[in-house]
């Protein structure tokens, strides 16, 4: 006499649904510990952020026939450097505001934000759980989005709010610098790209994401195999 397959056997033969797999990811993987090497790499990624306290984060380069050697504006976490006076002198004629450190109140707090993010990442590495690393990565993402929006907002106001009494006025012309990449502004070619600190920032984020993906994939595959065993 044949016996009906047991409930356990039936469950084992039924493939898991997307909801079941999602439950495994959310409630098991995020609370699992990271491997020692992953924790070291996550801590290193966090410490890399401190480079932004001593190196320029962003730069804007300007090139024109009258300035074949080019002009550069470098943005540190707390100040502008480079050919600031020359750029201000040129911008005065077209009604743009003077670039000065006080126009960025964010400069006063940026060192604390960078320090907090570095400490957050180191603590995530010490806790050694995937959810801790994920929380740091979300914090980093929020910081980058805010910084890019803040820079774009400054660039828009800087390039559109012009002095109506400027010596040179061109109807319908604005001078917003590019947020990223290249833009032609009158007879100037402008390029906006990360500087040393910016590249280190993106390298730190990339390293953190790579560690998280590695840990996620490793434990996810293991959890799936255990569920199907």
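No value in this document is a laboratory result; all are computed from the given coordinates. Only a predicted model underlies this, so the values are computations on that prediction, with no experimental measurement involved. Virtual Cβ from ideal backbone geometry, glycine too; neighbours counted across all protein chains shown.
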Proxy reagent accessibility, fewest Cβ within 10 Å first, across 171, 189, 102, 215
171, 102, 189, 215
If neighbour count is taken as other Cβ atoms inside 10 Å, put 216, 131 in order from fewest to most.
131, 216
The relative contact order of the range 49-228, taking Cα pairs under 8 Å that sit 6 or more residues apart, comes to a percentage of 30
Contour minus Cα-Cα span, residue 100 to residue 144, at 0.36 nm per residue, comes to 13.6 nm
Cα→Cβ-extended label distance, 7 Å offset, between residue 69 and residue 116, nm
4.2
Could you give the semi-axes, largest first, of the ellipsoid that matches the range 25-93, computed as the square roots of 5 times the alpha carbon gyration tensor eigenvalues and rounded to whole Å?
45, 13, 11
How big is Rg to Rh over the range 49-228, alpha-carbon atoms, Rh as the Kirkwood inverse-mean-distance radius?
1.12
Taking the range 58-128, the whole-percent share of alpha-carbon pairs separated by over 18 angstrom is 54
When the chain is fully extended, how far beyond the present Cα-Cα distance does residue 157 get from residue 88, taking 0.36 nm per residue of separation?
23.3 nm
Residue order, fewest to most beta carbons within 10 Å, for 140, 173:
173, 140
